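The values are calculated or read from the model by the stated rules, or taken from the named source; none is laboratory data. Keep in mind that what you see is a predicted model, and the values were worked out from it rather than measured. Ideal geometry is used to build each Cβ from the backbone, glycine not excepted, and the neighbour counts take in all protein chains shown.
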Amino acid sequence: MALSLSRKGPRGTVGLDIDGGYIAAIHSSGGRIEAAYSQQLPEGLMVDGEVVDGPGLASALKDFFDRNELPRNVRLGVANQQIVVRQIELPQIDDEREREMAIRFQAADAIAMPLEDAVLDYQVVGYTQDSEGGSRMRVVVVAARSTMVASIVEAVREAGLKPDGIDLDAFALVRALSQAEGESQGARVFCHLGGVTNLAVAIGDACVYTRALSASWEGETEHAAAALADEVRLSIDSYRTLPDAQPIEGLVLSGPGASVPGLAEELASRLGVEGVIAPPLGGLDSSALSGDEDPHRYTVAAGLAMGASA
């Protein structure tokens, strides 16, 4: 939904990926990209997905949005080690208020983080039948440290921007790429190689597992692939412990690291799965994207923009 801004200018909400290495922003409408811009970030503003220099980040964001005349309403993404994701199961609850109370109650036992210090969100990812024929729902619960979220929001507001929402990068990643990858009955591993190496396991368009990886994709290809493969393999093993885990059907790579020559093939070979490089912008019409831009920078921003328009 388009929102009126406090000053004369473009309308709408921008998907804003503050990757750490760069900023990427997409303004989309009706499945088509209206505007897309990216810019390198100076080193030291963000480390491993967390804000280190808030005033410096605010200054960089303000300059970026002023220069490119983008709408000031933004939808943000987060991905770092201060985020905990768990899957829980409970009886189907249709009333939204009662459902949120039940999820929060059960999350207190499932998440090793004081919920009073966390921002909590969830997605219902599926339904099952219990032994008595009743319906149960599987829920992915996300808890992020309040201080971590507040540091990003504060920098964005100091830049003169208005956060319309905060999303998990993994949810945005799956949202952008799941349709482009086609129908599947099994699970796919999405691995985004950006400033933060982010992994998500999805069944269809539902993200059922995610974690930020510590391994870097930069450096000598064989060594980078070996380190990444070890972490991805551990993540897959962890995913397989979940109830109703589906067989892994393939690996989907995205982000700037996906275009490193030979990395996708080496990583897929080490994992023993079929690997593909994702269409960077999923199903969005990318004809408005400048030809000198690296489209792999925009995958998460595209997913955030799609969430803003949903």
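So the values come out like this:
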read-out: Residues of segment 91-100 satisfying the condition of being in contact (Cβ under 8 Å) with a residue 24 or more places away in the chain and either surrounded by 12 or more Cβ atoms within 10 Å (Cβ to Cβ) or assigned by TED's automatic domain parsing to the domain that holds TYR209 (or both); value: GLN92, ILE93
read-out: Residue tally, condition of a type in the set (S, T, N, Q) and surrounded by 22 or more Cβ atoms within 10 Å (Cβ to Cβ), over segment 290-307; value: 1
read-out: Residue ID - modelled with the lowest pLDDT, chosen from residues in segment 276-287 that are out of contact with any Pro (no Cβ under 9 Å at 6 or more places or on another chain) and buried (at least 21 other Cβ atoms within 10 Å of the Cβ); value: LEU284
read-out: Flag if LEU16 is more than 17 Å from the chain's Cα centre (by Cα), crowded, with 17+ Cβ neighbours inside 10 Å and either at pLDDT below 95 or not in a loop (DSSP other than H, G, I, E, B) (or both); value: no
read-out: Number of the exception - ALA159 against (1) within 28 Å of GLY54 (Cβ to Cβ); (2) under 21 Å from the mean Cα position of the chain (by Cα); (3) surrounded by 14 or more Cβ atoms within 10 Å (Cβ to Cβ); value: (2)
read-out: Residue within segment 32-43 that is of a type outside the set (A, V, I, L, M, F, W, C), surrounded by 14 or more Cβ atoms within 10 Å (Cβ to Cβ) and modelled with pLDDT under 90 present; value: yes
read-out: Of residues in segment 24-55 being in contact with a Leu (Cβ under 7 Å, 6 or more places away or on another chain) and part of a loop (DSSP other than H, G, I, E, B), the one nearest to ARG67 (Cα to Cα); value: LEU45
read-out: For ILE88: the one exception among (1) part of a strand (DSSP E or B); (2) buried (at least 20 other Cβ atoms within 10 Å of the Cβ); (3) β-branched (Val, Ile, Thr); value: (2)
read-out: Subset of segment 149-163 [within 15 Å of VAL78 (Cβ to Cβ) and in contact (Cβ under 8 Å) with a residue 24 or more places away in the chain]; value: VAL149, SER151, ILE152, VAL153, GLU154, ALA155, VAL156, PRO163
read-out: Count of residues meeting criterion [in contact (Cβ under 8 Å) with a residue 24 or more places away in the chain and among the acidic types (Asp, Glu)] in segment 50-60; value: 1
read-out: Answer residue from segment 44-65, given it is modelled with pLDDT under 95 and of a type in the set (Asp, Glu) and is surrounded by the most Cβ atoms within 10 Å (Cβ to Cβ) among those; value: GLU50
read-out: Those strands (runs of 3 or more DSSP E) lying entirely in segment 129-247 with at least 2 residues basic (Lys, Arg); value: 135-145
read-out: Among (1) more than 23 Å from SER214 (Cα to Cα); (2) assigned to a loop (DSSP other than H, G, I, E, B) - the single one MET113 does not satisfy; value: (1)
read-out: Set ASP121, ASP63: member being out of contact with any Phe, Trp or Tyr (no Cβ under 6 Å at 6 or more places or on another chain), under 30 Å from TYR22 (Cβ atoms), of a type in the set (Asp, Glu) and touching a residue at least 12 places away in the same chain (Cβ under 8 Å); value: ASP121
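Every residue, every condition in (1) within 22 Å of the chain's Cα centre (by Cα); (2) crowded, with 18+ Cβ neighbours inside 10 Å; (3) assigned to a strand (DSSP E or B), yes or no:
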{"site": "VAL74", "(1), (2), (3)": "yes, yes, yes"}
{"site": "ALA102", "(1), (2), (3)": "no, no, no"}
{"site": "ALA107", "(1), (2), (3)": "yes, yes, no"}
{"site": "TYR127", "(1), (2), (3)": "no, no, yes"}
